[in-house]
Amino acid sequence: MKKFLILSCLIATQFVMAQTSKRFYIANDDHTDYMWTGNEAQYDTAFVKMLDYYLHEIDLTKNNAPDFQARYNLDCSYWLDVYEKYRSGPQFNNLVAKMKSGHITTPLNLLVNTYGAQPTEAIIRGMYYSGKMERKLGMRFPLAICMENQTLPLGLSSLWAGSGAKYSWRGVCGCATRLTDKSLENRRNQLYYYKGMDSTGVMMKWYNRSIYNGRTLGGYAEARRNFNLDSAASDLEKVIADMDKLCGLHAPNPAYPYHVAGAFGYGHDNLETYQSPAFISVAQKLSTATRKIRVSNELDFFEDIEKTYPKLPSESVSYGNEWDIYCTSMNETTAKVRRSVEKLRSAEALASVVSLEKGDFADKLVPAKDKAWTALGMYWEHDWTADGPISQKARGDWQIKLQNQISGYTDSLYNLSILHLGKLIRKDKEQRFYVFNPLSWNRTGVADVAYQGPLPVKVVDVSTGKEVPSQVIHLAGKRYIRIEALSIPSVGYKVFEIQKGIAMKLPVAATMNSGYISNARYKIKLRKSGVITELYDRAANSRQLVQKKDGRYLNDLGTLNLDEGQPIEVENAGPVSVTFKAVSKLPVPHTVKVTLYANSDRIDIHDNIQANFKDVKTWAFTFNLNQHTTRHEELGAILTAKKETEGGNYASQNARYDWLTFNHFADMSEKNYGVTLSNIDCSFFRLGQSTADSLHSSSSQLNALAGGQVDPYAIVKKGRKDTVMLGIYNQFDHENFNYQFSIGAHNAAFDAVKAMKFSLEHQNPLSTGGVTGNQAASAESSFSLLNVDDKNVLLWSVK
């Protein structure tokens, strides 16, 4: 009998402990729809007013029990920047004190962004302000947020972790989406470690979204159920009931086997929300002996989970792109940002070398630099849907302003560095110039130097005393000397001299004969439309690399008449390179320039569209490959474009598959042969006939997105159903679009390092500058800042 009583007591005790272990965290925020709900001035005002209010509420409740004190969560760090700008030093110090006490939290992200279209470096620079504030304030911001958009890339997890983030939460809208409600309601994990391919990442809370438009668990306003701001308390009571259900009222929920839950976010689409008392009163009212409710700063939830459930599942998959795609509705503006981010590699490498001798030469550019990094943290703000209260004109003008800040700083740093490096090298009686290589391996390539002097001339490598291949070319109405620069040191330069005289006789780099253009490596059929219908690789027994699929070939904009256009022209022919030009009016006026080289395996293509377009346009590249695998760079990660069930990196559920991230390159490779396609200007590509819910992983056709509004969105306005095309209409009336690609065949299996090197050399051309230094300047004819011994390690940037 005693044993039975003891056992009964143990069971009862365990039952009570199980019941008392339920812990709920409710976190208040104001979801920031910058340049959607309000413009810059309206949001700046709202940030300051709301922070004043919540700082006051925190002071009013400081004597409450810890669980029932006011707390507030910023969803982007730009709030801090604005508050410091418009409030006094003591007021800002009060905000900092509340951050350090845990009553206000701030994430690393500057605004609430989409990430799939971003270059890797842009994401890192976009968190610069937060990093600066961490150092200034002596604290860390362990949160990073990507919100409302339904999809999420894989590579972002490693970039966040590398920048110091430990936690993230996601809530999606479930609106303006091609994903089904059922898909959003059934995620495999709702608490997990979101890990990159390097096994680093963040803890993620991403609940199933059960109803439309984000006002539910799994939405971007989890603590909200009603548009009416006066219903906050009743809303929160419903939220607590939802969490009770999520955690299981009487038995564990197999879809969420945890007794700790969090409901984050209240602001939804409102410009301003002031709801502190409701959070406190509901937490006090509904806390019981078996259920603890805390007004949360979000970090406390993650710390509880981390301690209570140290072995969460993990995911390392990409969910593709959705709202990310809409920045292609202003494709040339977005492409300019991408080009500037890439150009930073050269600008900062040049500046680093100059700084060894003149450390303060670029100090005057610091304000422009800060603006540029802020612009990178803003440019991909998540409301590219452009369907809100702010006009498309205002949104488009804002995007252009940000692009100008980014490009302006990059160009200024590059030009200033070019000038100052020339002053650090001793000049001679003959005209000299240097060729600079920003990459971390010795490199041979083409270099162009502006030249207005008398002709003929030849060019000599000062370090060897030997003449190098050269030719005179014209670009954009200016004259240049193009040379083949041999063995330019890693992150360094060589000096060359222009001498009077006839350049050495060498064969022309490429020829045109019987409708074909060719060099030592390739033979190409370039049609008047700019479409390549035949491409033979002489290094692979003249293997044909092009096939027709769905009516399209290689570099195909979608023309129905392959020979509509002017006769093919030869531009800038010489022993270093030859450029061939095709001009056509169909399907829109466009120009195609194909450049072949004497001693390079690259086929460089520069496409230009000279008219506004309203539809979705792509450049198709259809390769003649079999049983191949497509791989591509997505935010620094090299993904295999297959679902995880097929050995790839794309989630088999909850994902969108039609437009994949197109950063430095995509590669299609068979077992021992393949083709790398380098890309600068396009943010996305589609494989074959892939759709939102179907990935055509076996296709050998890559469709680079030239621009357009890819998604219609059905909405109801005043009883009438309308279809809105998401993004900026008609490319914001722009009429000039540039696209740069490079094709390289390789007679070996796919090699990620070689593919990245190929694309980096294409996208980071050798730089040149005049040598102008006095007798005190360096007399060295070559210089290298550093060398990397491991061939599998690439220096990403030097600053």
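The values are calculated or read from the model by the stated rules, or taken from the named source; none is laboratory data. Everything quoted here is computed from the prediction, not taken from an experiment. Glycine also receives a Cβ, built like all others from the backbone with ideal geometry; neighbour counts cover every protein chain displayed. Only protein heavy atoms, including side chains, enter the accessible area calculation; ligands, DNA and RNA are left aside. Shrake-Rupley method; radii C 1.70, N 1.55, O 1.52, S 1.80 Å.
A compact table of results
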item: Residues (farther than 15 Å from GLN405 by Cα and not hydrophobic (A, V, I, L, M, F, W, C)) located in region 321-341; result: ASN321, GLU322, ASP324, TYR326, THR328, SER329, ASN331, GLU332
item: Boolean, LYS182 is open to solvent by 20 Å² or more (accessible area, probe 1.4 Å), free of Cβ contacts under 8 Å to residues at least 24 places away in the same chain and not small (Gly, Ala, Ser); result: yes
item: Elements of type helices (runs of 4 or more DSSP H) in region 74-165, at least 1 residues being of a type in the set (D, E, K, R); result: 78-86, 89-100, 120-126, 128-137
item: Qualifying residue in region 409-426 (condition: more than 30 Å from MET378 (Cβ to Cβ), out of contact with any Pro (no Cβ under 8 Å at 6 or more places or on another chain) and assigned to a strand (DSSP E or B)); result: yes
item: Scope region 587-617; condition under 22 Å from ASN561 (Cβ atoms), buried (at least 22 other Cβ atoms within 10 Å of the Cβ) and in contact with a Leu (Cβ under 7 Å, 6 or more places away or on another chain); matching residues; result: HIS590, VAL594, LYS617
item: Residue that is within 23 Å of HIS259 (Cβ to Cβ), part of a helix (DSSP H, G or I) and open to solvent by 10 Å² or more (accessible area, probe 1.4 Å), where the choices are ASP59, ASP67; result: ASP67
item: All positions within region 185-235 that are in a loop (DSSP other than H, G, I, E, B), under 22 Å from GLN653 (Cβ atoms), open to solvent by 60 Å² or more (accessible area, probe 1.4 Å) and not charged (D, E, K, R); result: ASN186, MET197, SER210, ILE211
item: Count of region 373-393 residues which are assigned to a helix (DSSP H, G or I), of a type outside the set (Lys, Arg) and closer than 21 Å to TYR713 by Cα; result: 1
item: Selection count where residues are touching a Ser or Thr at 6+ places or on another chain (Cβ under 8 Å) and of a type in the set (S, T, N, Q), scope region 277-305; result: 2
item: Filter result for ALA223 (more than 15 Å from ASP269 (Cβ to Cβ), over 28 Å from the mean Cα position of the chain (by Cα) and not charged (D, E, K, R)); result: no
item: Any hit, region 325-341, residues being assigned to a loop (DSSP other than H, G, I, E, B), open to solvent by less than 10 Å² (accessible area, probe 1.4 Å) and either among the hydrophobic types (A, V, I, L, M, F, W, C) or closer than 23 Å to ALA706 by Cβ (or both); result: no
item: Residues that are among the acidic types (Asp, Glu) and in contact with a helix residue (DSSP H, G or I) (Cβ under 9 Å, 6 or more places away or on another chain), drawn from region 229-263; result: ASP235, GLU237
item: Residues located in region 293-319, provided they are among the basic types (Lys, Arg) and surrounded by fewer than 18 Cβ atoms within 10 Å (Cβ to Cβ); result: LYS307, LYS311
item: In region 634-654, the residues that are within 30 Å of ASN730 (Cβ to Cβ) and either modelled with pLDDT under 95 or assigned to a loop (DSSP other than H, G, I, E, B) (or both); result: LEU635
item: Output for region 461-472, where each listed residue is surrounded by fewer than 19 Cβ atoms within 10 Å (Cβ to Cβ) and assigned to a strand (DSSP E or B); result: LYS466, GLU467, VAL472
item: Those residues of region 548-561 which are surrounded by fewer than 18 Cβ atoms within 10 Å (Cβ to Cβ) and either of a type outside the set (Lys, Arg) or under 17 Å from HIS606 (Cα atoms) (or both), in sequence order; result: ASP550, GLY551, LEU560, ASN561
item: Pairs with Cβ under 6 Å, 6+ apart, first in region 564-593 and hydroxyl-bearing (Ser, Thr, Tyr), second assigned to a loop (DSSP other than H, G, I, E, B); result: SER577/ALA509; THR579/ASN572; SER584/SER529; SER584/GLY530; SER584/GLU564; SER584/GLY565
item: Which numbered condition ARG631 fails, given (1) assigned to a strand (DSSP E or B); (2) surrounded by 24 or more Cβ atoms within 10 Å (Cβ to Cβ); result: (2)
item: Residue match in region 744-761 (condition: in contact (Cβ under 8 Å) with a residue 60 or more places away in the chain, over 25 Å from ILE425 (Cα atoms), open to solvent by 50 Å² or more (accessible area, probe 1.4 Å) and of a type in the set (S, T, N, Q)); result: yes
